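What follows is calculated from the coordinates using simple rules that are stated; it is not laboratory data. Being a predicted model, the structure only gives us computed values, none of them experimental. Positions of Cβ are backbone-derived with ideal geometry, glycine not excepted, and every protein chain shown enters the neighbour counts.
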Amino acid sequence: MESIYEKCPQYEDESYVLRQVRKEDKKDLLKVYSDKKALPFFNSDNCGGDDFYYTTEERMEQAINYWLYEYDREGFVRWAIVSKETDEVIGTIELFHRDAEDYFTDCGLLRLDLRSDYETSDAIRQILNLIIEPTYDMFHCDKIATKAIESATERIQALKSLGFVASSEKLIGHDGTEYGAYYVLKK
């Protein structure tokens, strides 16, 4: 099987396309990352203080350039989520294989950032359904973990409907910081 870092796969159904993020996604992604209602649901755990709140095209472009750099160095993959209905990028999914000295080792860590008008149980379930099954092989993992804070009721509902279970385990950051509110789906 070809490495995900040699060729990034694309996934789609009748409503959404997941494809690698591109520089030309900047204007659409700025609507996502400047959305104050969406901001609390972004997972910035272990991201060196970045909260993913971007208000200028220049800052959004820097973020996209960094995501593409990380892909090239095989750090993580960032997919753009394109709505077929509006032909807009309405969010991103980041995925990477995590090796660590905690419960979340040999894990596909998934970050889902969505514009607030798509933060609905149905949309989240449909989007994640596109990526869950291939994640195990692409990222050589036996479980997928994603963060959902208590107030993310639509996200939690979608995760539970897909079989994710709330974990009491803490993800331990590079600097020893403990992060909670993770949901896990085992293969």
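The figures follow:
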item: Additional length obtainable on full extension of the chain from ASN46 to TYR136, 0.36 nm per residue less Cα span; result: 30.2 nm
item: Förster radius 30 Å - calculated FRET efficiency between GLU150 and GLU2 (Cβ-Cβ, nearest 0.05); result: 0.15
item: Footprinting exposure proxy for LEU110, LEU130 (fewest neighbouring C-beta atoms within 10 Å first); result: LEU130, LEU110
item: Extension reserve of the LEU39-LYS160 stretch, reckoned as 0.36 nm per residue once the Cα distance is removed; result: 41.4 nm
item: Computed magnitude of the charge dipole of region 39-187 (debye, nearest 20; Cβ of K, R +1, Cβ of D, E -1); result: 520 debye
item: Karplus 3J(HN,Hα) series, Hz, for region 137-151 with 6.51 cos²θ - 1.76 cosθ + 1.60 (x for Gly, Pro); result: 7, 4, 10, 6, 9, 10, 8, 10, 10, 8, 8, 8, 5, 3, 6
item: Flagged links, alpha-carbon separation over 29 Å, of LYS26/LYS147; LYS31/LYS187; LYS31/LYS170; LYS7/LYS170; LYS23/LYS187; result: LYS31/LYS187; LYS31/LYS170; LYS7/LYS170; LYS23/LYS187
item: Listed values (i) 0.92; (ii) 1.06; (iii) 1.00, entry calculated as Rg/Rh (Cα atoms, Kirkwood Rh); result: (i)
item: HIS97, HIS140 arranged by Cβ crowding within 10 Å, fewest neighbours leading; result: HIS140, HIS97
